[in-house]
Amino acid sequence: DGKYTVSLIEGDGIGPEISQSVKDIFSAANAPVKWETISVDPVFKDGKQSIPDDAIASITRNYVALKGPLATPIGKGHVSLNLTLRRTFNLFANVRPCKSIQGYKTPYDNVDTVLIRENTEGEYSGIEHVVVDGVVQSIKLITRDASERVLRFAFQYAQDIGRLKVRAVHKATIMKMSDGLFLSCANEIAKDYPNVEFDAELLDNACLKIVSDPTPYNDKVLVMPNLYGDILSDMCAGLIGGLGLTPSGNIGDECSIFEAVHGSAPDIAGKGLANPTALLLSSIMMLQHMGLTEHASRIQAAIFKTLAEGKTITGDLGGKAKTHEYAEAVIKNL
Ligand code: IPM
Ligand code: MN
């Protein structure tokens, strides 16, 4: 039928409601996407947490998935399912564009940066143990392979989007060996991209500078180890209005999963109050990734128009609209 099948993980809490908005807007826009809804409720294989075989098969078959929020337990218990997904499919690069939304006012009106986060190792390796009572070790694992892979991706990405400046963000003054390796890989890979300007900046300095004035970061692609990217991407999201407005894509060699970075918001789940924008913008990244650029642009323009009009926006943005009213307004603006 000329449609592309995409795996859909609706997620927990507000996940199903915001997924419904994406589905409604996609069908109104005649986006050639057929959804295959899958559950990733964890299963255990040899005592190890995994995602169900049919979910793995679906994503492997379709190459592309869209994912709502999955609740992550704090402290003891299962590994975050979010991480299990990233690991299972070896989604090594996490792309997080952060761009001001015209019409949605924050103290910063001109943010337009892209963060690329190493997505498989670092402090997220899950290697932790008790040394003796009261003393624990969490291993930050940095490998040349994973560093080179994400750095190469970042340079390639910079070239593809015509933003010919890559900056590595690190803390090699303290993490001398791990970030030192990441940084030396960056210097090496940079040589393969002579047309891309390369430099590096300490993480703390980058935080200070970007909240003071984000504009010098506008023409750059920032690339960094996993945990730094987690934190810095939330900080950048804060500049433009929060996690309700920022998209994200987990990219691998075989498949990719596009997801909203915010939580499952159990307090408002089922009430029709959630803001689907982050998931929508992630679904637009997904369309672009699939080469469906016309549909992507059309839906994106309708979202931005709706946000700029400001009459039909959700509570988190200071409006009164229900989730479905916002989606209907976007559809009108298509
Ligand atoms: C994110 C989230 C995840 C992370 C959580 C949910 C495991 O905060 O995608 O940034 O820490 O990577
Ligand atoms: Mn995060």
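Structure data summary
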{"item": "Output for the range 8-32, where each listed residue is within 23 Å of the chain's Cα centre (by Cα) and without any contact (Cβ under 8 Å) to a residue 60 or more places away in the chain", "result": "Leu8, Glu10, Pro16, Lys23"}
{"item": "Among (1) open to solvent by 40 Å² or more (accessible area, probe 1.4 Å); (2) part of a loop (DSSP other than H, G, I, E, B), the one test that Phe304 misses", "result": "(2)"}
{"item": "Meets criteria (buried (at least 17 other Cβ atoms within 10 Å of the Cβ) and in contact with a strand residue (DSSP E or B) (Cβ under 7 Å, 6 or more places away or on another chain)) for Val79", "result": "no"}
{"item": "Scan of the range 126-185 for residues that are surrounded by fewer than 21 Cβ atoms within 10 Å (Cβ to Cβ), closer than 28 Å to Asn218 by Cα and among the hydroxyl-bearing types (Ser, Thr, Tyr), ordered by number", "result": "Tyr157, Thr173, Ser184"}
{"item": "Among residues of the range 1-13, those that are under 19 Å from Thr72 (Cα atoms) and touching a Pro at 6+ places or on another chain (Cβ under 7 Å), counted", "result": "4"}
{"item": "Residue in the range 31-43 that is hydroxyl-bearing (Ser, Thr, Tyr), within 26 Å of Asp253 (Cα to Cα), out of contact with any strand residue (DSSP E or B) (no Cβ under 6 Å at 6 or more places or on another chain) and open to solvent by less than 20 Å² (accessible area, probe 1.4 Å) present", "result": "no"}
{"item": "Residue among Ile257, Ile284, Ile268 that alone is among the hydrophobic types (A, V, I, L, M, F, W, C) and either at pLDDT below 95 or farther than 20 Å from Thr72 by Cβ (or both)", "result": "Ile284"}
{"item": "Spans of strands (runs of 3 or more DSSP E) in the range 37-125 with at least 3 residues under 20 Å from His262 (Cβ atoms) and touching a residue at least 40 places away in the same chain (Cβ under 8 Å)", "result": "64-67, 93-99, 112-118"}
{"item": "Selected residue (criterion: farthest from the chain's Cα centre (by Cα)) from residues of the range 88-124 that are within 16 Å of ligand 2 (Cβ to nearest atom) and among the hydroxyl-bearing types (Ser, Thr, Tyr)", "result": "Tyr124"}
{"item": "Qualifying residue in the range 238-247 (condition: within 9 Å of ligand 1 (Cβ to nearest atom) and crowded, with 22+ Cβ neighbours inside 10 Å)", "result": "no"}
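Condition check ((1) hydroxyl-bearing (Ser, Thr, Tyr); (2) more than 16 Å from ligand 1 (Cβ to nearest atom); (3) under 25 Å from Thr215 (Cα atoms)) across all residues:
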| position | (1), (2), (3) |
| --- | --- |
| Asp234 | no, no, yes |
| Asp253 | no, yes, no |
| Leu273 | no, yes, no |
| Ser282 | yes, no, yes |
| Thr323 | yes, yes, no |
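The values are calculated or read from the model by the stated rules, or taken from the named source; none is laboratory data. None of these values were measured; they are calculated from a predicted model. Every residue, glycine among them, receives a Cβ derived from its backbone with ideal geometry; neighbour counts consider all protein chains shown. Just the protein is used for accessible areas: all its heavy atoms, side chains included, with ligands, DNA and RNA removed. Shrake-Rupley method; radii C 1.70, N 1.55, O 1.52, S 1.80 Å.
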